[in-house]
Amino acid sequence: MKNLYSIITVVFISGSLFLSGQESESLKAQKTQGKYLGLSTPVRDLPQIHDESSMIYYNDEAKVRKNRVRPSYVDSTALPIQYDPLMKGKGMAVKMHGEVNLLQNFDGMNGSFPPDPSGAVSNDYYVQAVNTAYRIYNLDGTPATGIIQLSNLWPGSSNSGDPIVLWDRHAERFVVTQFQTGSNEILLAVSETSDPTGAYHLYAFSFPSFPDYPKYSVWSDGYYMTSNTSSKAAVAFERDKMLVGDPTASMISLDLPFLFSGYGFKSVLPADADGDLPPYGTPISMFLFQDDAWSNGIQNDHIKILKMEVDWDTPSNSSITVDQEINTAPFNSVFTNSWDDIEQKGTSQKLDAIASVFNYRAQYLKWPGYNTVLLCKVVNLDGQMTAGIRWYELRQDTDNMDWEIHQEGTYSINDGNSRFLGSIAMDYNGHIGMGYSVSGPTEYAGLAATGRFADDPLGEFTFSETWAQKGLSYQTTANRFGDYSHMSLSPNGQEFWYTGEYIGYASSRKTRIFSFNLQSQLDIDAEDKTKAPTLTLMQDDEFIIVNGLNLPSSKEFYVDLFDINGKQISAHKKAVVNGELKTKFDKSGLSNGVYMVRIGKENFMRVEKIVLYK
């Protein structure tokens, strides 16, 4: 075996290993113009259902499950032999803190089978989508709209499913998506304003084969998507044009590089920018993992990182390559090929663990001095189908440099129950929150959360498991469950918002939405809002004036000015004295428009927008 933590940088092209070489025909970029469907009717004026018991959920998503072929055991000598090496005391989670204090905790929509819940939060709203509908909530959990069928947003479409909701915090727009099984299309809707109850710019993009299990992200030069398909599985949509309803908006699509012959479930996660955007044109990283049990050709368990570069002016210059392989602590990602994986209380019917893929999302944050990505996946803890969650924080010193593992851990509790279908994110204080499903011999399928503070021991979730919703009965007749959950971060970088599935009474499908703020549990004076760190921006005729209050002490605090596309305009280093920071940026040479100011250091940052005028 090789060094478990070595980093290998390689490029795979069409099944062969090249240190450098030309793309094959199959990997060449293809630019395709989408179909602009116009500006929608405002959502508040679409047909709405207020009594969910009258809602008939039906979608086509279950028809495509045959595409999600799992790798199986090939190498019986693969590590680990039995127990996951990162389980502490064979499964006992570390508890340094109490429970997570949930702020909001309410039922979302029920959804089809499975509901596939997704959701995103803005300053004023939370938008949830399930198979086959979506709904807008106020931040106190009260509905802002009724239930709206996805097919009503795109006239003439069907409720096919796999919806994802994004909040593009940089443009302050919601993005709602779904696929179309009959026409091999991806449908996208981009809100005209920050109000999700208003109108949306509607687009349809066609693919040569069905784009199953699509996963999306926000990046500076596009909305990116990957899908579980045989061709054109990595895509960039022309974000700049879609934001303004330009009918010429296009996509650039590429085939994935050859991975290996036994890789069946082709789900790759693109980095999703939750803070400052990287500079326009920065290649996007995409993440998957490979288990040494899947193939004798895989020598070590590792994370594989693809790099995709898009050139909108000369699409043929666009490319996707395998950029890195990062060996990890050994893990076992193999469950059953029948998807009968996770035990439920009171029944022999098992649930699908959604194994062999990273769970949605790959959250990307750009910090002063480094970048982070958060990832998680389900692992087999003991070879007996008890599931836990392996998670990673990757760091990158600067854009385009190699990623390295900063910390990794396996989350589990020694009670015989499984934890799976996690979704993980980091806030602007470096704290990490994770929501996930729990099911096993003593628990019906429910939802829980945990977290860790930035300064806690690496590789450990240190909050007690906190139930958002206990399962109320077991699921019968089939193993389909969830397919994914979704943790999003509020625009201020402080609150985590999560949605996932649980089983209600009489085997009913239910979803839950909950939020929490870890920083508020760390602050001794959290109730005194005057003690909270603040960043205030003002301007006069000559300068952008930056004032920070109640900041952590530091001899060097970074203060950066960016344009809306992530380009760094100017940078200062200032000391924080008695919690205060003052500096300013010269406005001369800057055009009118939206700019971002970020202050921060390791494990702390605040970002504010300012609209420049002269």
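Quick notes on this one:
- On the basis of the beta-carbon distance and an R0 of 51 Å, ASP415 and ASN550 show a calculated FRET efficiency of 0.80.
- 3J(HN,Hα) from dihedral phi, the range 459-473, Karplus parametrisation 6.51/-1.76/1.60, rounded to Hz, x for glycine, proline: x, 10, 8, 10, 8, 4, 4, 10, 6, 8, 7, 6, x, 10, 6
- Mean Cα-pair separation over length for the range 350-495, i.e. relative contact order, pairs under 8 Å, 6 or more apart, %: 21
- Contour excess over end-to-end distance, with Cα ends at VAL577 and ALA532 and 0.36 nm allotted per residue: 14.6 nm
- Note that the range 442-453 has calculated 3J(HN,Hα) couplings of 10, 9, 6, 5, x, 10, 9, 9, 8, x, 8, 7 Hz, one per residue in order, obtained from phi through the Karplus relation 6.51 cos²θ - 1.76 cosθ + 1.60 (θ = phi - 60°); glycine and proline are x.
- Matching the structure-derived semi-axes √(5λ) of the Cα gyration tensor in Å against the labelled list (i) 51, 25, 22; (ii) 38, 32, 22; (iii) 33, 28, 27 gives the label (iii).
- Farthest towards the positive end of the charge dipole of the chain, among the residues ASN300, ALA449, ALA199, is the Cα of ASN300, using unit charges on the Cβ of Lys, Arg, Asp and Glu.
- With at most 14 neighbouring Cβ atoms within 10 Å, loop GluC sites (Glu not before Pro) (DSSP) excluded, longest segment of the chain: 1-526
- Cα-centre dipole for the chain with unit charges at Cβ (Lys and Arg positive, Asp and Glu negative), debye to 20: 500
- Cβ-derived FRET efficiency at R0 45 Å, ASP540 paired with SER206, nearest 0.05: 0.30
- Spin-label model, LEU522 to LYS28: label points 7 Å out along the Cα-to-beta-carbon direction sit 5.1 nm apart.
- Ligands, DNA and RNA left out, the 1.4 Å accessible surface of the chain is 48% carbon and sulfur atoms.
- Per residue, the range 363-500 exposes 22 Å² of accessible surface when a 1.4 Å probe is rolled over the protein heavy atoms with every protein chain present.
- Close amide-amide hydrogen proximity is noted between ILE569 and LEU561, PHE562, ASP563, each under 5 Å apart and 5 or more residues distant or on a separate chain (H modeled in the peptide plane; Pro and chain starts excluded).
- ³J(HN,Hα) computed for each position of the range 554-561 - Karplus, 6.51 cos²θ - 1.76 cosθ + 1.60, integer Hz, glycine/proline x: 6, 6, 10, 10, 8, 10, 10, 10
- For the range 361-414, taking the reciprocal of the average inverse distance between every pair of different Cα atoms yields a Kirkwood hydrodynamic radius of 12.4 Å.
- Highest-first arrangement of 474-482, 420-428, where packing means the average Cβ count within 10 Å: 420-428, 474-482
- Estimated from helices alone, the mean residue ellipticity of the chain at 222 nm is -500 deg cm²/dmol (sum of -39500 (n - 2.57) over DSSP H runs with n ≥ 4, per residue).
- Length available on full extension from LEU46 to SER316: 0.36 nm per residue minus the Cα-Cα distance, which gives 93.1 nm.
The values are calculated or read from the model by the stated rules, or taken from the named source; none is laboratory data. As the structure is a computational prediction, the values presented were derived from the model and not from experiment. Quick reminder, even Gly has a Cβ in these numbers, built from the backbone with ideal geometry, and neighbours come from all protein chains shown. Areas reflect the complete protein model, heavy atoms only, side chains present, ligands, DNA and RNA absent. Shrake-Rupley method; radii C 1.70, N 1.55, O 1.52, S 1.80 Å.
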